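Have a look at the structure below, then the notes.
Derivation of every value follows stated rules applied to the coordinates shown; laboratory data play no part. Please read all numbers here as calculations on a predicted model, not as lab measurements. With ideal geometry, Cβ positions are generated from the backbone for all residues, glycine too; neighbour counts draw on all protein chains shown.
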Amino acid sequence: MKPYLVTPFLLFFFLVASFTGSANTERAAHISTPLIAQEQLNEDSPLFYYHNKSIFKNPQVEPGKYEAKGIYWLRINIPASRDLKRKTYVLSFNNLTYVDLTLIDDRTSLAIENRKSGLFRPLKEITPGDDRNHFTLELDVTKTYTCLLKIEHIKGYSPQLDFYIEDQLNYLKRQQKESNIYAFLEGAIIVLLLYIALAWLVSRYRPYIWIFTFLMALGLYSFALQKEFIDLFFAENPRLGWTISPIFYRIGTISFYLLLLDFLNLKKLSPLFYKAALLICSLVISFAVISLIYCYSTSNYFLSNRINFILGAIHIAYLSTLFIYNWKKINATQRFLAYGTLFFAVGISLIIAMLIQMDEKSLLYIPAVIQLFVLSITIIFLVAIRLRIRKQELEYHKSIEIRVEERTAELNMANTVLNKQQSELLEKNKYIETLIDELNHRVKNNLQLLYSLGSLYRTGDKNGLTSNPAIQEMQSRIHTMMLVNQLLVYNKGNKLKLDQLVVETISYLQLLYDPQKRIAIDLYCVLDYWIPTHISTSLGLIITELLTNAYKYAFPNDREKSPKITLDIQQSTDKLSILFWDNGVGSDTLIAHSSLGIALIRDLARQIKGEISINHKNGYHYQFEFKKGVWK
């Protein structure tokens with residue numbers, strides 16, 4: 001036997017032994033053999049049956065089958081006896097629907113007690129202190145009594161006319177033992193229900209829903225077969241409670257089949273058995289509806305239980321065939337369902353055998369039997385579910401490890417490719433840097449060549465020709481471009497500092513045009529202001545043109561009054577402002593020989609999206625504004 005099945009078997013046999021011991025507790029049978037008579041036509045007075053003892057017969061002498069639809073009278077003689085040491089006694093019976101008791105004092109032949117009881121009796125008609133299956137009697141041990149019981153049993157079964165009288169203390173002790181066993185079983189069911197509910201909340205594993213429904217439904221069914229269920233929910237209409245109780249059994253059966261379908265993945269494993277399971281579930285539902293209507297309208301539970309035999313046989317045949325046919329197709333965890341199903345089939349077979357052998361008397365033991373089997377089956381199913389979840393976790397972890405290994409291999413391959421690409425990029429970068437260096441070198445050489453040629457023309461040739469002012473201006477512009485190129489190479493980027501460009505440009509032009517520094521230059525320039533490459537040349541040429549024009553035209557030789565040039569470069573949040581003015585001669589209009597430089601300044605400012613305004617009265621005043629956004 002599998003180790004996992006030891007616990008359910010031990011639990012089952014231990015509880016069976018306990019319940020059997022309790023059920024077989026000795027009853028104090030201080031009662032004579034009851035005499036039985038069928039009710040006479042139009043005679044229902046207890047005194048009639050008391051005075052006509054001849055119509056009663058002894059069932060031990062004249063045994064006979066009691067008709068289910070008959071009304072019977074029992075005559076029980078309770079003699080005075082010293083064995084009856086207590087005053088309060090209990091007269092108990094089992095599963096009778098209607099019982100009317102009349103207690104007669106033999107010395108006076110008068111009825112001193114009239115009481116009603118029975119499974120179908122509304123609670124308000126039952127005398128306080130009595131119950132649906134017993135009467136509590138206050139007896140005088142010095143007197144003799146005759147107890148007349150009118151029995152009407154309408155459940156379709158032959159009435160079980162088993163009556164016991166015992167003192168109240170012994171009765172309560174016996175009931176307490178049975179209650180303890182039921183409380184233990186029901187407590188175990190509740191604990192398992194809580195465990196299953198929590199397990200489902202944590203894992204969201206659907207088979208937990210079916211096993212929870214299975215356990216709860218059959219637990220309610222076993223509870224519904226007890227009188228406590230009727231007193232709690234259907235006290236004034238007990239017949240409805242007895243009719244509804246089989247619904248729980250049907251729900252549990254359907255839940256069992258849903259668990260099989262889900263856990264075995266039966267639709268994929270065997271479509272034929274899948275369709276058969278759905279058909280059986282349909283039969284169970286149909287019979288549940290028909291049985292509910294039929295039993296409540298006729299109270300014939302006997303026929304309903306006989307049809308249960310057929311359904312039970314169908315369940316056993318289907319389940320045994322299912323696992324025998326598919327045994328090799330299912331895995332080890334799914335085979336646990338076969339073990340649980342074996343318990344299910346054994347439980348059904350045992351209940352059917354008890355109903356056949358004991359008829360309605362079997363209801364004394366069926367609730368405990370159902371609870372025992374349900375607990376055993378649930379434990380086996382929970383083991384199966386836990387093993388499956390564990391297997392899925394292992395498979396998941398294994399798949400994760402495989403995916404991690406695959407991903408690691410992919411990353412290693414990607415790193416190899418990236419390293420190769422990085423090496424290629426480094427080589428390309430070196431090649432590009434070499435090309436840029438070569439390009440800068442050639443640009444520098446070409447500009448230097450142009451500058452040198454200008455220098456030759458500016459100093460004149462051996463025949464003493466004077467320099468050309470146009471060449472001198474061009475030389476200044478070439479120097480500005482050389483300076484921009486030099487600064488970009490020095491900074492190794494696509495930006496350069498504006499103040500550095502301005503200072504270098506002023507120094508060069510001052511050396512070129514005013515080596516004696518006759519003209520004062522006031523410079524106000526924002527520090528560490530970086531300008532991009534695509535505007536650096538244009539901005540440098542603008543400053544060159546402004547200074548060149550001032551040196552050439554603003555201060556003629558005959559003007560000696562404090563010549564000064566001011567250059568103010570400031571930045572704000574959204575623009576760069578350049579103010580340039582001199583205190584030179586100015587002009588009334590833009591003079592012709594300076595129009596080329598001013599045109600060049602305007603064109604350069606336009607190229608870099610700048611706005612320019614010029615005032616040529618009392619010296620030239622230039623104002624430039626460049627918006628920062630257009631330089632990005």
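Would you please give the residues with an amide H less than 5 Å from that of H621, counting only those at least 5 places away or on a separate chain, with H modeled from the backbone geometry?
The list, which skips near neighbours in sequence, is N615, H616.
Taking every alpha carbon pair in segment 179-387, what does the distance histogram look like in 5 angstrom bins from 0, in percent?
It works out to 1, 7, 15, 20, 20, 16, 12, 6, 3, 1, 0, in whole percents.
Name the chymotrypsin sites (Phe, Trp or Tyr not before Pro) in segment 307-381 that are in a loop by DSSP and that have at most 10 other C-beta atoms within 10 Å, would you?
Those that pass, being in a loop and sparsely packed, number zero.
Using modelled amide H (1.01 Å from N, peptide plane; none on Pro or chain starts), what sits under 5 Å from the amide H of D162, excluding residues fewer than 5 places away?
Long-range HN contacts for D162: N94.
Calculate the tail of P(r) for segment 220-333: the fraction of all Cα-Cα distances greater than 22 Å, expressed in %.
43
Taking 0.36 nm per intervening residue step and subtracting the Cα-Cα distance, what contour gain separates K628 from S320 on full extension? Could you put the intermediate results ahead of the total?
Values: separation 308, 0.36 × 308 = 110.88 nm, distance 8.78 nm.
Working it through step by step, the gained length comes to 102.1 nm.
Go through segment 123-223 and name the trypsin sites (Lys or Arg not before Pro) that are in a DSSP coil and have 16 or fewer other Cβ atoms within 10 Å of their Cβ.
Sparse-neighbourhood loop trypsin sites (Lys or Arg not before Pro): K143, R204.
Mind listing the phi-derived Karplus ³J(HN,Hα) values for segment 262-270, rounded to whole Hz, using 6.51, -1.76 and 1.60 with θ = phi - 60°, and x for any glycine or proline?
Rounded to whole hertz, the list is 6, 5, 8, 6, 5, 4, 8, 5, 7.
Taking square-rooted eigenvalues a ≥ b ≥ c of the alpha carbon gyration tensor, is segment 32-162 rounded, prolate or oblate, where a/c under 1.5 means rounded and, failing that, a/b exceeding b/c means prolate? Intermediate results must be reported in sequence, preceding the final value.
Details: a/c = 1.59, a/b = 1.20, b/c = 1.33.
Here segment 32-162 falls in the oblate category.
Using Cα positions and a limit of under 26 Å, work out the lysines in reach of K143, with same-chain residues fewer than 8 apart set aside.
K53, K57, K85, K87, K116
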